[in-house]
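Read the figures in this text as sums done on the coordinates, not as results from a lab. These figures come from a predicted structure and were not determined experimentally. So basically every Cβ, Gly included, is an ideal-geometry build from the backbone, and we count neighbours across all protein chains shown.
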Amino acid sequence: MAKKYSEGFKKVAIRRAENSSRSRREIAKDIGVPLGTLNSWLYDNKLVDSAVCAEPLPPPKKEPKEDRLSGPTAEQQLLEVRRANKNLMKENQKLKSEIHGLKNQSKVLSTSVGYWRDNFNEYNKANRAFSEANSELETQNKILRGIISFLAGM
């Protein structure tokens, strides 16, 4: 039986696939869906977008000149959105590089923990061997004391 995904999940997956520089395969793996499913969603979304775009646009409304002068023009708004998008993309790249750095630090810490764990295990082995040798020496010492006291009593 095919797994059902919510429309919200699909929309987020589509937006992520369309706006990411990563491959669709990586994105599908990250979000836990088969690659074919993600591709199907993207294809369906393109059909919906093209159907919406195929509808004729209503003619632009004639606005009085004083309204146009009071607010930013469409070109200004577009430039502002593009500037904001560029800044967000820079911030995204910065965060990606920070994540990469943190992953490297995590690998170093993991290696260090493994090294110290191995050394700690070796220390424990040596400590157990020392304790066993010490117990053996104490046993031999008791035997020798018994022999000495026996010989002294003769």
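For this structure, a couple of remarks:
- Sorted fewest first by neighbouring Cβ atoms within 10 angstrom, 154, 89 come out as 154, 89.
- As computed over segment 92-154, the Cα convex hull volume per residue (Å³): 44
- Per-pair calculated FRET efficiency, R0 = 22 Å: residue 131 and residue 152 via Cβ, rounded to 0.05: 0.10
- Integer Hz, Karplus 6.51/-1.76/1.60 couplings in order for segment 74-89, x for Gly and Pro: 4, 5, 5, 5, 4, 4, 5, 5, 5, 4, 4, 4, 4, 5, 5, 5
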